[in-house]
1. Taking just the alpha carbons, could you work out the radius of gyration and Dmax for the chain, both in angstroms?
2. Return the carbon/sulfur percentage of the accessible area of the chain, one whole number, probe 1.4 Å, all protein chains in place.
3. Could you give the nm distance between label points at residue 702 and residue 818, where each point is 7 Å from its Cα heading toward the beta carbon?
4. What is the sum of charges, Lys and Arg at +1 and Asp and Glu at -1, for the other residues whose Cβ falls under 9 Å from the Cβ of residue 705?
5. Specify the inter-centroid distance of region 502-548 and region 291-336, based on alpha-carbon positions, in whole Å.
6. Report the relative contact order of region 483-613, percent, no decimals, based on alpha-carbon pairs under 8 angstrom and at least 6 residues apart.
7. Where Lys and Arg each count +1 and Asp and Glu each count -1, what net charge lies around residue 225 among other residues with Cβ under 14 Å from its Cβ?
8. Testing the spin-label approximation: label points 7 Å from Cα along Cα→Cβ at residue 735 and residue 119. State their distance in nm.
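The values are calculated or read from the model by the stated rules, or taken from the named source; none is laboratory data. Just so you know, these numbers come straight off a predicted model, no measurement behind them. Cβ placement follows ideal geometry from the backbone for every residue including glycine, while neighbour counts extend to all protein chains displayed. For the accessible areas, the whole protein counts, side chains as well, though only heavy atoms, and no ligand, DNA or RNA atoms are used. Shrake-Rupley method; radii C 1.70, N 1.55, O 1.52, S 1.80 Å.
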Amino acid sequence: MSVTRRSFLKNSTIAGAGLVVADAVRPALALVDGEPPVLITQYFSGMRMAATPATAYRAYRSKVVANPDTTMWLQIDLGQVTPVDYVLLYPASERMFPGRDQYYAGEGFPLRFKIETANDPEFSHPGMGTDLTRSDFPDPGDNIMKFTARGHHARYVRLTVTRLRAVKILPGSGSPDENLDESPDYTLTLARIGVLTSGEDIAVGCTVTADPEHANPELLKQLTRPPRQDGETIKFDHPNLVTDPSTWKRVPFKAEAPRGGITLEGGLFQSALQHNAQYLLNSYTTEDLLRQFYERTGKVTGFKPVGSQVFWEEDLAGSNAGRFLMGAGNTVRWIDDAELRKRLNAVVDGIEECRQPNGYIMAYPEDTLFYSERAAYTRAWLTHGLLEAAYAGNAKALPLLRGYYDWFNEQPFLPEMLRGAIQGGQGMIANTRVALSPVGKPADGQVIQRYYQENAWLDGLAKRDPAQIWQYPYDRPHCYLLTDIEAYMDMYLLTGEKHYFDAAYGAWEMYRAHWQQAGGSISIIEFETDPPDSNYLKQKLGELCGSSFWVFLSQRFQLLDPENEQYAAEIEKSIYNVGLANLDGGNGFRYHTILEGEKEKSTHENTCCEGQGTRLIGSLPEHIFSLVSDGVYLHLYEPSTVKWQQDGHDMTLAVRTQFPFDSLVEGTIHAPGETPAKIRIRVPSWAMSEMGVSVNGTVASSGKPGSYVTLDRKWSEGDKITFSLPAAIRVTKYMGSDQVAGKTRYAIEYGPILFAALGEGVVDLTLEKNSDPESLGRHLDSIAGAPLHYTLRENPARKLMPYFQVVDEQFTCYPVISVAS
């Protein structure tokens, strides 16, 4: 099967290099001074270069020049005279085509050049290894080029470039070498240079120099940097990592997330679910959701995408159906919406209609798998969607998935999926969720072990090395790495192999400690450089999808260890301050969690944050309670009723509260006779004091912040549980990079609720003399009729309100708090 990717080789490979040349692209090059054009295949190493977007692995770029015939050179000092067999030139693959989600591999690779060796730095008596100065060298794409120097003994290796490749591209151009403007830029760009002796790269760590006029000195060291920890190449195939399923020891959850049996009784969650249903029903028709499937089968022809449709719908063909199924499948588990369920079933029916005899169900044709983010992102979305549809009761979804993954798990392209696909790791979660589903097979997990498992990365995460996150060595560091972590947690659940858990938990702790804002939003994003603890306010960070992944990852830990309150705390603040804050009624979802200035306008165009936002909002009830064999956990405080079976008897806990606007919580038990059960009540880590819990008006127990109170007794019909949450205003100093000179910023929270201070620019809450920032709560006056809205006593024009309620006001979540002198 052929695949679409940008390379000078189409569809296959070269014999003897691990690839078979089916149709090498031979550019139409004119003769130069009577010399034939370069036959590039003779320099093909058989290896393709994996992308290098992270700054620690970025490519070398010379200064930009206007004349393509500018001569430049790079020189490596090997330290001593040594045999030199080959020189490898690694093409850069880290920038994107404008307007397209494809890497521009081969950017700035020299057009004409020669490679020489010498024993003195002046190259007074050079030895010629390769001379390609008489005709243009074709674009190598992402292929690593190998040039012979066999028989040479030298201390110095020099690359001299006599003609440069144009690198400026116009938006929408089909190739980096066409549609150039009249004044393109020229530069020499390479990811690395390798010098091989007996198969070893002896250039690693060696000093690199360049001609002073065109050198970029601070980047020269990139050319001889050490190889990345899990390799430099795209091909990734490790059959030795596959373990025998007979040795797997599946890890059961200690608690269960309900897939039904919860009724919302007013409150923020119910309102959010109703808005979610409105958004899903009003954003696209069933025909819209199935368009790309019908395009593949020929039922729809001639559709011309415009605007955002080009990327979000056509490039990511099928993701729109996945978005809808994720949101609708989760939502109809809790609210009875006949139209939403009807459309869900219609979308699954349409996917079934377009299924190929081999089980293939994706909306994009098989031979476009590597185009844009189809191989990972889109595949994962449709997989998530069909799983949520199945758990909502659709009988066709799981068989469709099983048929597809029986096909997928046997495909020859798998060795290129992790590194050859855009952000290929995003596809891992699709396999592992299927593996853990009722139709899962061992092969679903073994594919991860063989073609995706990066052991050095796992080790680095387990050691809590922050560079493994913000300098992930391969396809762009991002909040989407959380989906890889989710997948490794699933591998732990599937196999019981502890190194998966150690890596996932190490990553969870690092994101929590270094890339999380007050309120819970995840402060790392693709195409930006976000060092540990930077927590920028002026960048657009806090993608809603990142917090959705964070909630589902934290939920896995919570179900393994439900007594550990920190997981409920993470889920809670992410829901209130990101999920609810970015839901714009029934209109759509905001993309970024903007913490200063003005919130973004919401969208309804199938963005990543809409898809994961609707999935998260649809799942809200399952985060309120967890079920265990001997009872139930109450994690979140929302008006709701949960029903479950306790030792063969129907049992119900009805929770009534107006939290966060009121701290009182009351629960009513409905049970036949005297039914023994353990009701576990969360005492949140944000509680300002120990919390007492009463049963039928008498204090039964109490718990410290960050714990659970267990009420172990025989329950009768009408028993009452009551408690008051010890919430209060608290402040936390901002330690990120966007400080205000001479001032100190603080986040303000009430329980899990992040506050916004209204106003433009730097908002200064100045307290009276002899005060301190920690006493802010005593300086606030409530606004009548507006719970949790306050004015500052010293300056009533200064107002505070819950961040999730901000719509179009100017605000900051990190105001300055100062004290009058």
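1. Every Cα atom of the chain included, Rg and Dmax give 29.5, 100 Å.
2. Carbon and sulfur atoms account for 49 percent of the accessible area of the chain.
3. 4.2 nm
4. Charge balance near residue 705 sits at -1.
5. Comparing the Cα centres of region 502-548 and region 291-336, I get a distance of 29 Å.
6. After rounding, I find 22 percent.
7. That sum, taken over residues with Cβ under 14 Å, equals 0.
8. 5.8 nm
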